[in-house]
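Notes follow once the structure below has been shown.
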Amino acid sequence: MKKTLTYKILDAHKVSEDLENNKMSIKIDHTLTQDATGTMAYLEFLSFGIDKVKTELSVSYVDHNTLQNGFMNADDHKFLQTVADKHGIVFSKAGNGICHQVNLERFAKPGKTLLGSDSHTPTSSGVGALAIGAGGLDVACAMAGMPFSIVRPKVVGVKLLNKLRPGVSAKDIIIYLIGKMTVKGGVNKVIEYYGEGVKNLQVPERATICNMGAELGATSSVFPSDENTLEFLTLQGRPEDYVELSADEGCEYDENIEIDLAELVPVASCPNSPDAVKPVSELSDIKVDQVLIGSCTNSSYYDFVKVASILKGKKIHKDVSLGIAPGSQQVLQMITKNGILDVLLEAGARILESACGPCIGMGQSPATDAVSLRTFNRNFYGRSGTNSAKVYLVSPEVAALSAVNGYVSSPLGMELNEFSLDVNYPKCDSLLYKPTFTSEVVMGPNIKPIPKFAPIGNSFTAKAMITLEDNITTDHIMPAGAKVLPYRSNIEKISEFVFSNIDEDFSKRCLENGAGVIVAGSNYGQGSSREHAAIAPRYLGIKAVIAASFARIHKKNLINFGILPIEIAIEADLLDEIEVSFDKENVKVVNKTKGESYETTCDLTEEEYSLISVGGLLNTF
């Protein structure tokens, strides 16, 4: 039988399969964590009592909370480093770079499975790995040698034809696709790229596309491993990691999409969703206040070559603030040695740390009502740190040209060949530490024990604490940013911020009522993998979320912490009284306030039902 590349990798790692429930479990070769999610993941791993990780490779990165304002972030970084050293995990210190960029450079391998506690983990699929984002508890279990369970994904075959025109980039490919499929169009699917156009995309471009595939809600995205992959791995000093991998000729996909790269134009994701897509040419009258270039989506040397080609000999507009964040120490060294950094500085750019930074609200928040163009992957409401800001997602080329002109500008037709791509790639491991197994774990006073939750029971009555629309993100549920993320290992404190950007009384109301449910529309929990968006509501007494549909990672996080995810579309007003009863087969929901009854088939597997019944995964250890 002819196979897709996705199922070649999945089947090679298959541990078990449940065809009746359309689920499978796979062996995980590599894991990664970052510091915003890693503290909880390692607290969970420590609770297992295992001396050493069971994976081929696990890496702990510090890239999110690098603003050390007070003791909390620094303490947590020390905790992460000592856990890594004691339990066999490679540690990447703050300043080394963004986890996905560094992982692509130093560790990603074709044909390997990678599970990361960050939704943009699929970046590493740009070299032909199958990389999947997940909650921290799932990653902790993988580090303990347990298989990872997923819905058997459908595979969307995206055939790429021809090559991009000058001024059009890989970012335009993925933004175009998100506009076509929407932010929920990829749920429980893998997006697999093939066709003659693939050979015209270098690994950094492929990584950009795989990274932002997370905005489709996809399980992963994947490119074949070919001569371009070998070239990239050779530049990184590890040609021995190369394995040629591709789909079988003539294999069948569950869905088929064809994109002629030669017909694409520069596009932008408009506020406040990645699928609000318009051609850049339609936005040309919009004045720009801020431009930020970086993030795990577009912070490679390849990206900065294009940016410097536009900025060379020019000055940014006097009304624009331009921030540049190289994705890794390697990228920073390369732009320094090859003259690109001088070009950026002479143009008027501010150089930021090689970290996630503004992408998760860590600095560079725009002014009130400002227009901010960002080469990032998300523009959710409030994510920038300024609720009134209008954030557009664009390519590095659009960002750079707009910074010069002061308004949104299209680079279509611009030849960008001022700097060579044929350069040496330095091996930058000065901030990477292999484990010595000699450290003792150090926990600062902000690190609190993981709360254990009693089972919700098979029937309960609770009030609807909040009623929400479609496409609620984890940024809505559990905001990021410098104010909130330092409490990532203190669930009691961080729970005060649940839904704080849209309902500042939510946490107080939950504690006063003692128990509650959340009612929402479709695609609830899209975005980040942060399991705090499940743990903190559970701490506040939330027993169930009733939604038309769920994002993949968040649904699994809810189950892991004993919250019942009920898929049914209902309307409720704040503080409606909801009665829920369920067993292995069915869930019944009654709105007692309105006298309306609903029935829905429960799609939980026996394992998932068991987790709900005992109060969550941690209660099984």
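Mind checking the dipole of segment 54-127: about its Cα centre, +1 per Lys or Arg Cβ, -1 per Asp or Glu Cβ, Debye to the nearest 20?
So the dipole magnitude of segment 54-127 works out to roughly 240 debye.
For E469 and E504 in one chain, what is 0.36 nm times their gap in residues minus the Cα-Cα distance, to one decimal in nm?
10.9 nm
To the nearest 20 debye, what is the magnitude of the charge dipole of the chain about its Cα centre, counting +1 on the Cβ of each Lys and Arg and -1 on the Cβ of each Asp and Glu?
Dipole magnitude for the chain comes out near 1100 debye.
What's the center-to-center distance, using Cα atoms, between segment 306-372 and segment 51-79 in Å?
Value for the Cα centre distance between the two parts: 26 Å.
I'd like the distance between the alpha-carbon centres of segment 248-301 and segment 556-621, rounded to an integer number of Å.
So the two Cα centres are separated by 37 Å.
Can you put V62, V190 in order, fewest other beta carbons within 10 Å first?
The order, fewest Cβ neighbours first, is V62, V190.
If you average 1/r over all unlike Cα pairs in segment 5-263 and invert the result, what Kirkwood radius do you get in angstrom?
By the Kirkwood definition, the hydrodynamic radius is 18.7 Å.
Among DSSP beta bridges lying fully in the chain, give the percent that are antiparallel, nearest 5.
Expressed as a percentage, antiparallel bridges in the chain total about 35.
Determine the dipole magnitude for segment 459-616: charges of +1 sit on the beta-carbon of Lys and Arg, -1 on that of Asp and Glu, nothing else is charged, the reference point is the Cα centre, and the result goes in debye to the nearest 20.
Dipole size: approximately 540 debye.
Among the listed pairs K154/K199; K508/K555; K184/K427; K180/K312; K112/K171; K452/K508, give every one whose C-alpha distance is greater than 27 Å.
From K154/K199; K508/K555; K184/K427; K180/K312; K112/K171; K452/K508, over 27 Å: K184/K427; K180/K312.
Using Cβ contacts closer than 10 Å as the measure, can you line up I612, I132, I494, I568 from fewest to most?
I568, I494, I612, I132
Within 12 Å, Cβ to Cβ, of M40, how many net charges do the neighbouring residues add up to if Lys/Arg are +1 and Asp/Glu are -1?
Value of the local net charge: -2.
Provide the descending list of Cα extents for the chain along its principal axes, expressed in whole angstroms.
Each principal axis gives a Cα extent; for the chain these are 67, 52, 50 Å.
What distance in nm separates the two pseudo spin-label positions at K180 and M146, each 7 Å out from Cα along the beta-carbon direction?
With each label point 7 Å from Cα toward Cβ, the separation is 3.9 nm.
Given Cα pairs under 8 Å that are at least 6 residues apart, what percent is the relative contact order of the chain?
15 percent
Whole number please: convex hull volume per residue of the Cα set in segment 459-616, in Å³?
Residue-normalised Cα hull volume stands at 97 Å³.
Nearest 500 deg cm²/dmol is fine: what mean residue ellipticity at 222 nm does the chain get from its DSSP H runs of n ≥ 4 alone, each adding -39,500 (n - 2.57), divided by its residue count?
Helix contribution divided over all residues of the chain: -7500 deg cm²/dmol.
Restricting to Cα pairs below 8 Å that are 6+ residues apart, what does the relative contact order work out to for segment 72-214? Please round to a whole percent.
Result for segment 72-214 is 24 percent.
Taking the Cβ-Cβ separation of N387 and E571 as r and a Förster radius of 25 Å, what is the calculated FRET efficiency to the nearest 0.05?
With a Förster radius of 25 Å, E is 0.45.
Gain in length, E252 to V423, computed as 0.36 nm per residue apart minus the alpha-carbon separation, to one decimal in nm?
Value of the extension gain: 57.6 nm.
Counting each pair of different Cα atoms once, what's the Kirkwood radius of segment 267-405 in Å, rounded to one decimal?
Evaluated on segment 267-405, it is 14.6 Å.
Using Cβ counts within 10 Å as a stand-in for footprinting exposure, how do T55, T601 rank, fewest first?
T601, T55
For K594, give me every one of the aspartates and glutamates with a C-alpha distance below 16 angstrom, ignoring sequence neighbours fewer than eight places off in its own chain.
Cross-link targets: E571, D573, D576, E577, E579.
What aspartates and glutamates sit close enough to K78 to cross-link, taking a C-alpha to C-alpha distance under 16 Å and skipping anything fewer than 8 places away on the same chain?
List returned: D35, D63, E440.
Compute the FRET efficiency between V442 and F71 as 1/(1 + (r/R0)^6), taking r as their Cβ-Cβ distance and R0 = 22 Å, and round to the nearest 0.05.
Approximately 0.95, to the nearest 0.05.
Contour minus end-to-end for K2 and K78, with contour as 0.36 nm per residue of separation and end-to-end as the Cα-Cα distance?
22.5 nm
Since every read-out is calculated from the coordinates, none of them should be taken as a lab result. What you are looking at is a predicted structure, and each value in this text was computed from that prediction instead of being measured. Methodologically, a virtual Cβ is constructed for each residue, glycine included, from the backbone with ideal geometry; neighbour enumeration extends over all protein chains shown.
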